[in-house]
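Asks: Shown below is the structure under consideration.
Derivation of every value follows stated rules applied to the coordinates shown; laboratory data play no part. What you see is a predicted model; the values in this text were computed from it and never measured. As a convention, Cβ positions derive from the backbone with ideal geometry for all residues, glycine included, and neighbour counts pool all protein chains shown.
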Amino acid sequence: MPVLVVGSVALDSVETPFGKAEEVLGGSATMFASSACHFGPVQLVGVVGSDYPLEKLEPLRAKGVDLAGLEQAEGESFRWRARYRHDLNSAETLETRLGVFSHFRPQIPEAFRNAPYVFLGNIDPRLQRDVLRQVARPKLVACDTMNFWIESRRADLLDLLGHVDLITLNDAEARQLTEEANLVKAARWIMARGPKHVVIKKGEHGAFLFSGDSIFFAPAYPLESIFDPTGAGDSFAGGFIGWLAATDDLSEANMRRAVVYGSAMGSFAVERFSNERTVALTLPEIDRRVAEFRQLVAFEHALDRAAEGAATPGAEPGEFGAGA
Ligand code: AMP
């Protein structure tokens, strides 16, 4: 099942405690596509300026990303400059230059209008809304956003919430949007405004999936060296939506699996600058990391052992409230 993504296609300049990258491939749509392309076909819609090094997108095309919806307009490409200090969970935006994005009106090519899975990457929420007017009713519409838009386009973002099934955002953005310090309350606040599912990412502390009254949590992969957190969020979304589209299964159990695929893809993204790591991955590498996630949280409950008749100190059947 193809995934349609609309978002920024950028040139990023990023500084982390471990190095610097100037004018590298970036943007929400680019990062998402670099991750989702491993699971199935991706259709990308966005805009670049006349100064964009289009050859840098070739590896994406080679991985099956359809760039027919990428417009090249007269003017400067979108540029984002950011710095991460030792807290790698939060980027400090030094400069956002919208360039050709300030006049962009997404035109969804005819061939993309029936995409069953749609990801509205981080861009102006008015453009995200505009995309939904051009597509036939998809099976799942997910969106992302960030502080920049929560501050400058709050009303438009709240309007968008009424038209999406799922939103992904990080903990700071969830708090900023809802003005709730508690993330469970923040998720409820968002679900009351439309989305049936809310994914709240907590960087190196994992990610929550809220669906009605159910809550699922997946840890982040404990990497020893994190190089550049840029794109982790979009790569997470690429793994999450990519998995859902590939399996075409929106059951609760499969959504939980999707969170783990998302977490795996986010963990790859931070191992190198830009999309270098994600775009070059292979499926066996992804599957190996997913298996490691399973191992990470696998444990034997004392009650399981007690039920098997093992002598577990302090775990007599009926203890801990079970069946007592
Ligand atoms: P994340 O996956 O959350 O780390 O997003 C990183 C990407 O978001 C970078 O590659 C940036 O180019 C892009 N980005 C940063 N600010 C904005 C913005 N205001 N609108 C759209 N995209 C942005």
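Asks: Could you compute the net charge surrounding Gln176? Neighbours are other residues with a C-beta less than 12 Å from the C-beta of Gln176; K and R count +1, D and E count -1.
Replies: Values: positive: Arg154, Arg175; negative: Glu151, Asp171, Glu173, Glu179, Glu180.
Net charge in that neighbourhood comes out at -3.
Asks: Exceeding 28 Å between C-alpha atoms, which entries from my cross-link table qualify? They are Lys139/Lys201; Lys20/Lys56; Lys20/Lys196; Lys63/Lys185; Lys63/Lys139.
Replies: Numbers: Lys139/Lys201 23 Å; Lys20/Lys56 18 Å; Lys20/Lys196 39 Å; Lys63/Lys185 40 Å; Lys63/Lys139 24 Å.
From the list (Lys139/Lys201; Lys20/Lys56; Lys20/Lys196; Lys63/Lys185; Lys63/Lys139), the Cα-Cα distance tops 28 Å for Lys20/Lys196; Lys63/Lys185.
Asks: Using R₀ = 22 Å, calculate the FRET efficiency as 1/(1 + (r/R₀)^6) where r is the Cβ-Cβ separation of Ala62 and Asp287; round to 0.05. All intermediate terms of the calculation are to be shown ahead of the outcome.
Replies: Working: r = 21 Å, r/R0 = 0.96.
Efficiency computed from Cβ-Cβ geometry: 0.55.
Asks: For segment 103-162, just the Cα atoms, rotate onto the principal axes and tell me the three extents in Å, largest first.
Replies: Reported extents, whole Å, longest axis first: 34, 25, 15.
Asks: Would you kindly state how much longer the chain becomes between Lys20 and Ala73 on full extension, computed as 0.36 nm times their sequence separation minus their alpha carbon distance, in nm to one decimal? Present the calculation step by step, with values, prior to reporting the outcome.
Replies: Values: separation 53, 0.36 × 53 = 19.08 nm, distance 2.83 nm.
So the extension gain works out to 16.2 nm.
Asks: Please report the base-10 log of the normalised intensity I(q)/I(0) for the chain, using a Debye sum with one equal scatterer per alpha carbon and no solvent, at each q in 0.14, 0.16 (1/Å).
Replies: Here log10 of I(q) over I(0) equals -1.05, -1.38.
Asks: Just the number, please: percent antiparallel of the DSSP beta bridges in segment 46-188, rounded to the nearest 5. It would help to have the intermediate numbers written out before the result.
Replies: Numbers: 5 of 15 bridges.
Restricted to segment 46-188, the bridges split so that about 35 percent are antiparallel.
Asks: Would you kindly state how much longer the chain becomes between Arg193 and Ser214 on full extension, computed as 0.36 nm times their sequence separation minus their alpha carbon distance, in nm to one decimal?
Replies: Net length gain for the segment: 5.8 nm.
Asks: Would you calculate, for the chain, the mean residue ellipticity at 222 nm contributed by helices, counting each DSSP H stretch of 4 or more residues as -39,500 (n - 2.57) and dividing by all residues, to the nearest 500?
Replies: Details: 12 runs with 114 residues, N = 324.
It comes out at -10000 deg cm²/dmol, rounded to the nearest 500.
Asks: Over the Cα atoms of segment 116-246, what is the Rg over Rh ratio if Rh follows Kirkwood? Write down the numbers at each step before the final one.
Replies: Details: Rg = 14.2 Å, Rh = 15.0 Å.
Expressed as Rg/Rh, it is 0.95.
Asks: Moving to a separate point now. Of Pro195, Ser251, Ser263, whose Cα points farthest to the positive end of the dipole of segment 151-310 (charges on the beta-carbon: +1 Lys, Arg; -1 Asp, Glu; origin at the Cα centre)?
Replies: Among Pro195, Ser251, Ser263, the one farthest towards the positive end of the dipole of segment 151-310 is Pro195.
Asks: Another question, then. If we count every other residue with Cβ under 13 angstrom of Lys201's Cβ, Lys/Arg +1 and Asp/Glu -1, where does the sum land? Intermediate values should be presented prior to the final figure.
Replies: Details: positive: Arg175, Lys202; negative: Asp144, Asp171, Glu173, Glu204, Asp234.
With Lys, Arg at +1 and Asp, Glu at -1, the neighbours total -3.
Asks: While we're on this one: Compute the helix-to-body angle for 283-297: its Cα long axis versus the longest principal axis of the chain, expressed 0 to 90° and rounded to tens.
Replies: Once rounded, one gets 40 degrees.
Asks: When DSSP assigns beta bridges and you keep just the ones with both residues in the chain, what percent turn out antiparallel, to the nearest 5? Write down the numbers at each step before the final one.
Replies: Numbers: 21 of 53 bridges.
Within the chain, antiparallel bridges account for around 40 percent of the total.
Asks: By how many nm would the segment from Asp51 to Ser152 lengthen if fully extended, with 0.36 nm per residue of separation less the alpha-carbon distance? Walk me through the numbers on the way to the answer.
Replies: On the way: separation 101, 0.36 × 101 = 36.36 nm, distance 2.69 nm.
Taking 0.36 nm per residue and subtracting the Cα distance, the gain is 33.7 nm.
Asks: If you average the alpha carbon positions of segment 171-229 and of segment 1-18, how far apart do those two centres end up, in angstrom?
Replies: 20 Å
Asks: Further question: Any idea what log10 I(q)/I(0) is at q = 0.18, 0.21 Å⁻¹ for segment 26-83, Debye with uniform C-alpha scatterers and no solvent?
Replies: For the requested q values the scattering log ratios are -0.61, -0.81.
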